[in-house]
Structures are given as structure tokens and as C-alpha cells.
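Okay, so here's the structure we're looking at.
The values are calculated or read from the model by the stated rules, or taken from the named source; none is laboratory data. Not measured: the values here are computed from a predicted model. Because the Cβ atoms are built from the backbone with ideal geometry, glycine has one as well, and the counts that use them run over all protein chains shown. Note: accessible area is taken over every heavy atom of the protein model, side chains too, but ligands, DNA and RNA are not part of it. Shrake-Rupley method; radii C 1.70, N 1.55, O 1.52, S 1.80 Å.
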Amino acid sequence: MEKFSTLFCQRLLVIFCLLGVMSKLRAQHIPPQREEVPVTFKIINSKKEPVRFATISVTNRTDTLEAFKKVADSNGVALFDLVKSRQYIITVSSADYKTFEKGITINADQTTFTFVLESLSKTLNEVVVRSSRPLMHQEDDKTVVDPENLAANSTNGYEVIEKTPGLFVDQDGNIYISSLTPASVYINGREMKMSAADIATMLKSLPPDAIEKIEILRTPSAKYDASGTGGVVNVVLKKGIKIGMTGSVNAGMQQGVYGNQFTGFNLSYNDGKKSSYINANYSHRSSYETIITERIIAPDSILSQDASTKYPANSFFTSYGIANSLSKKWDVDFAGSVLYQTFDNTTNNESEIRKISTSQLIGNNLNKVSYKGNYFRISDGINFKLKIDSTGSEWSNDFYVSYDRNRINQQYNTFYYTPVTDVSSGFGTPDNDRITSTVTSDLKKKFNPKLTFETGAKSSFLSFRSRADYFEQSGGTTIKDIGRTNTFHYNENINALYLQGSQTFGKNLVLKVGSRLENTNMNGRQIIPGDTSFTIHRTDLFPYIFLSKKVITIAGYDLRAYLVYRRTITRPVYDQLNPFPKYIDPYLSEVGNPALRPQFTTNYEANISVDEKPLLAIGYNDTKDIFTNVIYRSVSDPSQAYRTYDNLGKNKEWYLRGLGAIPPGKKYFLVIGGQYNYNMYDGLYENQPLTFKKGTWTFFTYQTLKFAKRSQITLNGFIRLKGQQQFYELTPFGALNTSVNRKFLKDKLIITLSANDILATNKNNFTIKQGSINATGQRYADTRRFGINVRYNFGIRKKEETNLFNVESPEKTN
């Protein structure tokens with residue numbers, strides 16, 4: 001495998017060198033007088049704050065056909081290669097700012113220009129976005145998504161993620177980017193060390209318009225935790241960024257078989273030095289899911305089950321924050337959130353066992369399970385940032401703590417009809433508490449526009465406590481259920497150091513090299529039913545290499561090539577380690593595996609972007625000691641199975657991803673893409689050799705059409721062919737969503753009509769044939785929904801500017 005990895009890297013380098021030679025050959029045909037120099041444009045406002053994602057157009061004053069266009073990054077910076085001694089016209093446009101235009105002459109003495117944009121409306125008479133921004137663009141080693149249009153036809157943050165082109169969310173809440181390994185989820189740059197189900201719960205309680213941007217890192221740099229095997233999805237929440245007081249109120253509903261209703265508001269204030277914000281949201285959600293399965297439990301016996309679960313929930317969510325400039329160099333930022341959710345899930349599961357040869361009924365029963373409780377989460381963080389100089393050098397220190405609490409009452413009853421009539425029941429309280437805290441310090445020093453040095457340290461702590469008390473009821477007698485009563489304690493500490501440097505060679509070759517050292521300490525102890533424990537102490541090194549080069553310019557658009565290498569780790573989380581046997585139905589339990597070991601992945605990727613927008617990528621993941629979700633059959637009772645996690649061996653994955661788009665700004669905007677994943681497993685399953693190969697195609701699209709000045713229709717969707725989820729083989733499935741929004745009252749009122757999964761195709765049939773497990777089934781949910789969303793945006797000027805509550809001045813005309 002080492003030989004193969006080396007050969008793969010060599011081939012990628014050969015490809016990159018060929019691209020470089022092509023670029024050089026092209027450069028030889030450029031006349032000597034076209035000496036290009038790298039030029040940096042920095043866009044700021046009157047408060048010297050960066051204007052993010054401003055559109056910068058550069059036009060040759062003597063030949064207007066020679067024009068270039070780029071979008072500034074989140075620091076308001078964009079880089080161009082321009083001809084020395086040539087005159088250019090610079091045009092800058094951005095939301096809520098007047099268009100800026102200026103003529104410049106390029107010379108070697110001045111290669112950095114700072115432009116100040118003037119606010120479009122000091123009266124804040126409108127807070128709606130006025131200019132077109134790209135849905136997604138590339139910033140260094142990450143893709144940044146502007147979710148404004150996605151949020152317009154979504155009811156919560158989870159749906160915004162689902163509709164983001166290039167992201168795929170499975171039915172269990174896992175988020176995928178390039179590989180078939182789930183991505184790590186961050187909120188405001190902090191990793192959420194939570195299970196997929198808990199992260200889904202939090203995102204579903206997040207208002208859609210509270211998201212400022214989504215950062216997608218397919219191969220995160222050494223600055224990020226090495227646990228991002230499947231990449232990183234960082235959800236950045238909005239803060240008070242507009243001068244004065246602004247906000248919005250919204251309400252809406254969605255109706256499928258069951259309905260969702262929600263309402264909320266956000267309010268922010270910024271006086272140029274200090275900003276604050278608060279978001280609050282209430283939602284009532286109700287949906288269902290049905291899983292129909294057939295599993296062979298003996299050579300001539302089959303178990304058939306039809307389980308339908310209803311998921312009603314009420315969620316209250318609020319986030320808040322305040323940022324202040326302590327001095328010209330020091331900034332402080334405090335942010336937090338509170339989530340409280342109640343739920344009352346109920347499952348009805350009809351089961352029957354028949355002989356395969358004769359269809360004779362051997363037994364049947366009805367199982368009813370109630371899962372009722374509440375979930376509470378509070379998190380707070382504070383960040384201190386020192387601006388070392390005006391070039392972007394800074395020292396950031398972050399402190400974060402969160403507390404999660406689950407309180408659950410589970411009741412289950414089984415009514416047996418054949419071969420004898422009987423009733424069995426039980427109940428329990430599988431409660432758990434979790435405390436997470438992190439301390440992070442990051443230093444970035446820019447020695448010059450071409451050389452950047454980064455280093456930092458991080459310590460994270462996790463304390464998880466689970467206590468489950470279960471009882472059996474039979475004939476009016478209640479006794480302790482020893483098999484399900486459990487107490488489990490888990491502590492985790494990860495300490496990290498990283499060092500990273502970025503150097504631009506010549507005009508457009510960027511090399512970023514780094515390494516991250518992580519010390520892992522994991523300790524788990526099961527106290528009840530038996531006193532057992534496990535301990536892991538290890539230290540690992542995770543190198544990172546990023547290479548980028550502009551290959552060619554076509555019609556004013558830069559074509560850049562990238563090579564990325566990184567080693568990562570995936571550690572099991574608390575629910576994968578907890579040995580508590582969670583009751584699913586009379587024939588299935590879900591249990592953690594305390595013996596689970598971390599898996600390590602080496603990733604290689606080559607990709608190309610056009611005008612800072614991702615175009616094409618090919619990658620390879622080599623994973624050792626891979627762990628995944630598996631189903632094992634009980635040795636003592638073949639009708640019993642348990643779902644758990646286990647280390648199976650190794651996996652090799654190839655992926656190919658392509659993306660194309662019609663740029664925004666016109667009436668019609670289109671993004672369309674596809675991805676192919678090919679996985680090869682090699683290991684052991686139930687101590688038997690495992691060889692599993694599977695290729696999966698995924699296609700997705702996002703489209704908008706402005707059919708009137710204030711009206712827009714949106715269409716988005718995906719389809720997955722020959723799908724795979726762990727060792728489940730899935731039939732084709734997908735979803736097509738649409739929405740229409742219309743602006744009223746000078747664009748302050750926005751009404752959106754939406755339809756999700758119009759064709760009711762987000763369902764699949766599945767098959768699993770591994771080891772002793774041979775099963776087929778069907779899974780579908782309450783995904784077809786029609787809804788309405790109403791949002792009103794407002795702005796209030798500062799008192800000294802008079803004219804409160806958005807009242808129009810007499811001289812003001814539209």
C-alpha cells in the first residue's frame with residue numbers, strides 16, 4: 001500500500017508539472033512588455049471593517065475587452081495578476097454599499113490597494129440584499145457557501161444543509177462531502193463533539209436565516225482537528241454586522257402527512273465599535289418514518305417486520321452574542337446559545353415469523369415503544385483577538401464550554417398472538433449528561449504578502465455520564481432488568497500542537513505545508529452491570545501539504561490547479577463506545593463497543609477551480625482499521641440481532657467530483673454537479689473474510705430564475721444511484737424541491753411558498769448480505785411537504801440621525 005500511495009503521489013506531481021509546463025509555454029508567447037505583477041485589493045467600509053465577498057471588476061482602460069472579475073474573500077481581499085505600467089479601471093460592488101469606481105496604474109512600487117466603500121443607505125430604509133453574490137466560491141483550501149437563497153425556502157438549519165449543492169445528508173443525520181465517511185460538524189469554528197442524532201437535533205432547532213455562511217473543507221489544513229476524515233462543515237452564525245439596529249421576524253409552516261410550524265426573530269445592533277445580536281425560535285415538528293424488513297433467521301425461517309415511528313417534538317432555541325473593540329488592536333467576542341426540546345416518539349412494530357418453504361405462520365406479535373423525554377443544551381464561548389499589524393497578522397485565544405442533558409422515559413409492550421397469547425412489558429430511563437470544554441490559541445504572522453506563518457495549541461475535554469435503569473413487568477410484578485440496567489462513565493482529553501506555513505513563489509504558485517501533533521487520552525468505565533474499563537493513550541503526527549497554481553486565464557477567468565495531502569484520524573464517540581443495550585424491538589438491540597479503536601485515513605486530492613469556483617476533483621482515501629455500523633446475529637438465539645460498531649480492516653476509496661455553473665447576476669442561475677465514489681473493503685466480518693466493492697453515483701442541482709423584479713423561483717434536488725450506506729446496498733433515490741418567493745413593501749416583506757420532495761422519491765429499498773445477516777427492506781418517511789414562510793426585515797436608525805422606525809424622509813425617493 002505504501003508503494004501504491006507513493007506511485008499515486010508521483011503521478012499527481014507529474015500531472016501538476018505538466019500543467020506548469022503548459023503554463024510556462026503559454027507565457028513564452030506573451031510579449032516582453034506584458035510583465036505581470038501580483039496586485040492585492042483590500043475592500044473595507046468607513047469603520048475599517050472588511051467588506052466580505054465584494055465583487056471586484058478590473059478592466060483595461062484602453063481595451064475594455066480585457067476584463068477580470070473576482071469575489072473578495074471573507075477578509076475583503078482579492079488577488080490579481082496585472083500588467084506593469086498598464087492603466088486599469090477598478091469597479092467594486094457589494095450588498096448595502098454604493099458602487100465604487102477608480103482608475104489606477106500598476107507599478108512595482110505599489111502592489112496593494114485599499115478601497116473604502118460608502119454605505120448604500122445610512123437611513124437603513126432597506127436591509128434586504130441588493131446585489132448578486134455567488135452561491136459558492138473557493139477561498140484557499142475551503143469552499144464558502146452563501147446560504148441566503150437556500151434559507152428562503154427552508155424551515156431550519158438542517159434543511160439548509162440538505163439543500164447545499166455538494167453536501168449529502170443521509171436518513172440518520174450524517175453529513176457527507178466527498179467520501180462516504182461522515183464529515184465533522186463545526187459551529188462558529190468549534191467542533192461539535194456530538195453524535196449525528198444530537199447534531200441533527202441542534203440543526204433542526206436553528207433558524208435558517210441565522211446562518212451567515214457555510215464553510216466546506218474537504219481536506220482541512222493542520223490548523224483544524226485531525227478528526228476531519230470526511231472533511232469539515234463549519235456553520236457560521238450571523239452577528240450584528242450592519243451599522244444601527246436591524247432584524248427580522250418570521251413565521252411559517254410545512255404540511256406533509258404531519259405538519260411543522262415555526263416562528264422566530266433575530267435582532268442585531270452595531271455602533272461601529274460594539275455589536276450585539278440575539279436570535280430566538282420556536283418550532284413544533286411532527287413527522288413519521290416506516291421501515292419494512294425481512295430477515296432470514298434460520299435456513300427455513302424468515303422474520304418480517306413493519307415498523308412505523310411518529311416523531312413529534314417542540315423546540316425552543318436562542319443564540320446571543322456581543323463583540324467589542326477593547327482598543328485599536330484588541331477585540332473580544334462572546335457568543336452562546338440555549339436549546340430545549342421535548343419529544344414523545346411512538347413506534348408500532350408488527351412482526352411475524354414464517355417458514356420459507358410452506359409460508360406457515362410460526363409466530364406473530366405487536367410491539368409498541370414509547371420514547372418520551374427532553375433534551376437541554378447550553379453553550380458559551382469567548383474569544384480574544386489581537387491585531388498585530390495591518391497586514392492580517394493576529395493572535396486569537398478562544399475558550400468554550402457546553403453542557404448537554406438527556407432525560408428519557410422509555411416504555412415498551414409486546415402483545416403475542418401466535419403460538420400463544422401473552423403480554424410482556426418493560427420500562428426504563430436511559431439518561432445521560434455531557435460536558436465539553438476547549439481552550440484554543442492560534443497565532444498567524446504575515447511576514448509579507450507572500451509568506452504566512454501559523455501555529456497554535458488546543459486542549460479539549462469531554463466528560464460523559466450515562467445511567468440506565470430498566471425494569472420488566474409480568475403478571476403484575478415488576479423486577480429489575482439486569483440485562484439493560486447500565487452505568488457508564490467516559491472521559492476524553494485531546495491535546496494538540498500545530499505548525500503551518502504558506503509561501504507564494506513567483507506570481508501564482510502557492511505552497512502550504514504543516515503538521516499537527518495530537519495526544520489522545522480516552523478512558524471508559526462500565527460500573528453496572530460489571531466493573532470493566534478501557535484506556536487509550538497515544539500520540540500521533542498528522543502532516544498536511546497544499547499546492548496551488550494558476551494554470552491559465554480564459555476569457556478573464558483564472559483556472560487554478562490544486563494538490564492536497566493529509567492524514568487524519570476518526571475516533572469513536574461516546575454513543576459508539578457505550579455498552580448500554582438500547583431496546584429497539586423484541587428482535588433488535590443497539591449497543592456500543594468499548595473495544596472500538598480509532599481509524600486512520602490518508603487522503604490525496606487533485607482539483608481544479610475556475611474563477612475561484614470548484615470545477616473538477618479526483619481523490620483517493622486509504623483507511624486502516626476502519627470501523628463502521630454492523631449487525632450481528634445472537635449466537636444463542638438466531639432471531640435476535642444487535643446493531644453495533646466494529647473495526648473490520650481496511651478500505652480504499654476513489655472519488656471523482658465535477659461541478660458546473662452559470663454565474664449569478666442574470667435572470668437565470670444554475671449549478672449542476674455529480675460525484676462518483678468507489679469503495680473497496682478488505683477485512684473480517686464475524687471472523688470471516690470480508691471483500692466488498694461498491695460504486696455509487698450522486699447527481700445534484702440548484703437553479704434560480706428571476707421571472708419578475710421582485711419574484712424568484714428556485715429548484716434544487718439530488719439523485720443517488722447504486723447507493724451505499726455502510727454495508728447496506730440501496731436502490732436509487734433522491735428528492736426534488738422547489739420554492740417561489742415574492743418581495744413586498746419595498747422588499748422588506750418576503751413570502752415564500754415551498755414544496756419538498758415533490759415526487760416522493762426520497763425513499764429506498766435496501767439489502768444487506770454480510771456474515772450471518774441476510775436481510776432486505778424498505779425505508780421511507782414524511783418527506784413530501786408543502787409550506788409557506790413569511791419574513792419581515794426591518795431597520796432602525798440611531799437616534800442622532802432622527803427619523804426613527806424606518807419612516808421615509810420627505811426628500812427620499814426610490
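Output the residue which, of all residues in the range 713-729 that are in contact (Cβ under 8 Å) with a residue 24 or more places away in the chain, open to solvent by less than 20 Å² (accessible area, probe 1.4 Å) and assigned to a strand (DSSP E or B), is nearest to Asn629 (Cα to Cα).
Restricting to residues being in contact (Cβ under 8 Å) with a residue 24 or more places away in the chain, open to solvent by less than 20 Å² (accessible area, probe 1.4 Å) and assigned to a strand (DSSP E or B), the top hit is Gln724.
Going by what's in this entry, would Gly456 be described as surrounded by fewer than 17 Cβ atoms within 10 Å (Cβ to Cβ) and either over 29 Å from Ser221 (Cβ atoms) or not polar (S, T, N, Q) (or both)? Full working, then the answer.
Details: surrounded by fewer than 17 Cβ atoms within 10 Å (Cβ to Cβ): no; either over 29 Å from Ser221 (Cβ atoms) or not polar (S, T, N, Q) (or both): yes.
When the stated conditions are applied, Gly456 does not pass them.
Checking the condition without any contact (Cβ under 8 Å) to a residue 12 or more places away in the chain and in contact with a strand residue (DSSP E or B) (Cβ under 6 Å, 6 or more places away or on another chain), which residue from Thr455, Thr478, Thr440 passes?
On the way: Thr455 fails: without any contact (Cβ under 8 Å) to a residue 12 or more places away in the chain; Thr440 fails: without any contact (Cβ under 8 Å) to a residue 12 or more places away in the chain.
Matching residue, one of Thr455, Thr478, Thr440: Thr478.
Can you tell me which residues in the range 558-610 are among the charged types (D, E, K, R), closer than 30 Å to Thr55 by Cβ and open to solvent by 20 Å² or more (accessible area, probe 1.4 Å)? Please lay out each step first, then the result.
Going through the range 558-610, the residues among the charged types (D, E, K, R) turn out to be 558, 560, 566-567, 571, 575, 582, 585, 590, 597, 605.
If we keep only those that are closer than 30 Å to Thr55 by Cβ as well, we get 558, 560, 605.
Selection gives Asp558, Arg560.
In the range 749-771, what residues are out of contact with any Asp or Glu (no Cβ under 7 Å at 6 or more places or on another chain), of a type outside the set (A, V, I, L, M) and assigned to a loop (DSSP other than H, G, I, E, B)?
Of everything in the range 749-771, those that are out of contact with any Asp or Glu (no Cβ under 7 Å at 6 or more places or on another chain), of a type outside the set (A, V, I, L, M) and assigned to a loop (DSSP other than H, G, I, E, B) turn out to be Asp757, Thr761, Asn762, Lys763.
Would you confirm whether or not the range 353-361 contains a residue that is closer than 24 Å to Tyr288 by Cβ and among the charged types (D, E, K, R)?
No, there is no match, as no residue in the range 353-361 is closer than 24 Å to Tyr288 by Cβ and among the charged types (D, E, K, R).
Across the range 54-93, what is the number of residues that are assigned to a loop (DSSP other than H, G, I, E, B), aliphatic (A, V, I, L, M) and over 29 Å from the mean Cα position of the chain (by Cα)? Before you say what the answer is, go through the steps one by one.
The initial filter retains those residues of the range 54-93 that are assigned to a loop (DSSP other than H, G, I, E, B), namely 54, 61-66, 72-76, 84-86.
Then keep just the ones that are aliphatic (A, V, I, L, M); that gives 54, 65, 72.
With the extra rule that they be over 29 Å from the mean Cα position of the chain (by Cα), the set shrinks to 65.
Qualifying residue count, the range 54-93: 1.
Evaluate the following for Thr701: is it polar (S, T, N, Q), under 21 Å from Asp146 (Cα atoms) and open to solvent by 20 Å² or more (accessible area, probe 1.4 Å)?
Working: polar (S, T, N, Q): yes; under 21 Å from Asp146 (Cα atoms): yes; open to solvent by 20 Å² or more (accessible area, probe 1.4 Å): yes.
So Thr701 fits the description; yes.
What residue, among those in the range 537-549 that are more than 24 Å from the chain's Cα centre (by Cα) and surrounded by 17 or more Cβ atoms within 10 Å (Cβ to Cβ), is farthest from Asn495 (Cα to Cα)? Outline the logic, then answer.
Initially, the range 537-549 is screened for residues more than 24 Å from the chain's Cα centre (by Cα), giving 537-541, 547-549.
Okay, now just the ones that are also surrounded by 17 or more Cβ atoms within 10 Å (Cβ to Cβ), so 547-549.
Details: Leu547: 28, Ser548: 30, Lys549: 34 Å.
Checked the range 537-549; the qualifying residue farthest from Asn495 (Cα to Cα) is Lys549.
Just to check your reading of the model, which residue among Val635, Val671 is open to solvent by 10 Å² or more (accessible area, probe 1.4 Å) and out of contact with any Lys or Arg (no Cβ under 8 Å at 6 or more places or on another chain)? Give the steps one after another, and end with the answer.
Values: Val671 fails: open to solvent by 10 Å² or more (accessible area, probe 1.4 Å).
Val635 is the lone residue from the list that is open to solvent by 10 Å² or more (accessible area, probe 1.4 Å) and out of contact with any Lys or Arg (no Cβ under 8 Å at 6 or more places or on another chain).
Determine, yes or no, whether Thr485 is open to solvent by 70 Å² or more (accessible area, probe 1.4 Å) and over 29 Å from the mean Cα position of the chain (by Cα). Give the derivation first.
Working: open to solvent by 70 Å² or more (accessible area, probe 1.4 Å): no; over 29 Å from the mean Cα position of the chain (by Cα): yes.
No, not satisfied.
How do the pairs read when you match residues in the range 96-107 that are closer than 10 Å to Glu118 by Cβ with residues anywhere that are charged (D, E, K, R), using Cβ under 8 Å and keeping only pairs 6 or more apart or on different chains?
Tyr97/Glu118; Lys98/Glu118; Phe100/Glu118
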